[in-house]
Every structure is written in structure tokens, then in C-alpha cells.
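Quick notes on the structure that follows.
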């Protein structure tokens with residue numbers, strides 16, 4: 001693509017490569033849909049209905065849908081060479097079954113995972129991104145929170161929150177290290193990661209992080 005026709009995001013990637021960065025990570029903070037939740041989706045739906053009612057659930061669903069429309073448009077605008085792209089996904093373990101997991105969630109209606117499949121067809125490489133053991137711990141903690149009443153004792157609530165925060169940090173460290181170890185010189189990674197996460201400060205200095213949409217944190 002001629003330089004004068006390049007979109008702003010293309011320009012930022014090119015500028016990064018000219019400024020000493022050897023790798024680029026395109027970071028999309030995301031909001032999960034019920035279809036992303038797997039076995040927890042019914043519990044999540046009930047919890048949302050209890051908090052916000054049917055109207056609130058509909059508004060939330062529409063807002064999340066718009067976010068994914070914006071993400072899809074932003075990726076299309078990048079005009080990437082997908083044979084040099086690796087895909088990193090929140091909640092996707094390093095396990096040898098990555099494509100199967102993404103396919104199952106895409107068939108369940110997840111726009112996130114449908115997008116992953118589309119990018120894979122274009123040549124991008126899907127990467128297992130998370131520790132399976134840490135994801136099991138996360139699942140158990142989320143299930144406990146969704147299926148039990150909130151603790152009345154402040155100390156118990158604080159302990160549960162501290163456990164959740166510590167687990168989030170361990171997951172972020174694993175994901176950052178995974179990107180550091182597998183994203184090669186001259187490649188571009190696309191990271192889809194929930195808004196509560198923060199991996200940037202754990203990445204190697206030669207990884208240039210780009211936010212095509214608003215940075216939420």
C-alpha cells in the first residue's frame with residue numbers, strides 16, 4: 001500500500017518498526033459476552049438479570065455487540081499481512097486444543113471467537129495464551145462467587161477479593177511471558193484481553209503496544 005494511502009494505524013506500525021521496536025502488539029481491551037463464558041454462561045445471565053433486569057441485560061448486550069463491531073472494523077482498517085500475525089486470546093489455555101476450543105465457542109455465538117476463526121482463515125496463527133492451571137482456579141473462584149451469596153463479613157469479602165486480585169496478576173504475568181517468548185522479530189500480535197487485565201508493563205521493551213481503540217485503563 002502506498003505511504004500516502006496508508007491508514008493511521010498502518011503508519012503507527014511502520015513508525016514503530018523504524019524506531020527500534022522489533023515486535024508490535026495490537027491490544028484490544030474487550031468485554032466478554034455470555035457466549036464466551038462456557039459452563040458459567042447460565043449463572044452469569046441470572047446474575048445480570050438479578051442486578052439489571054431484562055431491559056438492563058438488553059442494553060448491556062447491545063453495547064457489547066457495538067464494541068465487537070468497532071473491533072472488527074479496526075482490524076479491517078489495519079490491512080495487516082496476516083501471515084506475520086499471531087493471535088493471543090484471554091481465557092485460551094496452552095493445551096493443544098486451542099482451535100477446537102475457539103471453534104466450539106464460535107459455534108455457540110461468541111463474536112470474539114468467530115473473529116479469531118476469520119483471522120485464522122486469512123493466515124493468522126492462533127496461540128495458546130493462558131495457563132490451564134490458573135484458568136481452572138479462576139473458574140472455581142468465579143463459580144463460587146456466582147453460586148453463593150456475597151459474604152457479610154468484611155474480612156471474608158476482602159480475603160476473596162485479595163485472592164482474585166492475586167490470581168489476576170499471576171495470569172497477566174503468564175500471558176506477558178507467553179507473548180515475550182513466542183512473538184518473533186518482525187511479527188505483529190493481536191491481543192484480545194478483558195479490561196481488568198494489564199500486561200503492558202510486563203512485556204519486553206522491544207514490544208511496541210498499539211491501541212487502535214480507546215484504552216479503557
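Among residues belonging to the range 18-39 that are assigned to a loop (DSSP other than H, G, I, E, B) and over 11 Å from the mean Cα position of the chain (by Cα), point out the one that is modelled with the lowest pLDDT. Don't jump to the end; show me each part of the working.
At the first step, the residues of the range 18-39 found to be assigned to a loop (DSSP other than H, G, I, E, B) are 18-22, 31-33.
Right, trim to over 11 Å from the mean Cα position of the chain (by Cα) and you get 18-22, 33.
On the way: 18: 51, 19: 59, 20: 64, 21: 81, 22: 92, 33: 77.
It comes out as 18.
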Name the single residue that is modelled with the lowest pLDDT among those in the range 125-145 being farther than 26 Å from residue 103 by Cβ and surrounded by 12 or more Cβ atoms within 10 Å (Cβ to Cβ). 145
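Which of the residues belonging to the range 125-137 are in a helix (DSSP H, G or I) and under 15 Å from the mean Cα position of the chain (by Cα)?
Here is the first cut: in the range 125-137, the ones in a helix (DSSP H, G or I) are 132-137.
Passing the criteria: only 135.
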Of the residues in the range 163-199, those that are part of a helix (DSSP H, G or I), touching a helix residue (DSSP H, G or I) at 6+ places or on another chain (Cβ under 9 Å) and modelled with pLDDT under 95 number 2
Per the filter on the range 82-124, residues modelled with pLDDT of 95 or more, surrounded by fewer than 18 Cβ atoms within 10 Å (Cβ to Cβ) and in a loop (DSSP other than H, G, I, E, B) are 94, 95, 96, 97, 122, 123
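Considering only the range 66-80, state which residues are under 16 Å from residue 118 (Cβ atoms) and either in a helix (DSSP H, G or I) or touching a strand residue (DSSP E or B) at 6+ places or on another chain (Cβ under 9 Å) (or both). Give the steps one after another, and end with the answer.
Initial filter on the range 66-80 (under 16 Å from residue 118 (Cβ atoms)): 68-80.
Those that are under 16 Å from residue 118 (Cβ atoms) and either in a helix (DSSP H, G or I) or touching a strand residue (DSSP E or B) at 6+ places or on another chain (Cβ under 9 Å) (or both): 68, 69, 70, 71, 72, 73, 74, 75, 76, 77, 78, 80.
The values are calculated or read from the model by the stated rules, or taken from the named source; none is laboratory data. Please read all numbers here as calculations on a predicted model, not as lab measurements. Don't worry about glycine lacking a Cβ; one is built from the backbone with ideal geometry, like all the others, and counts go over all protein chains shown.
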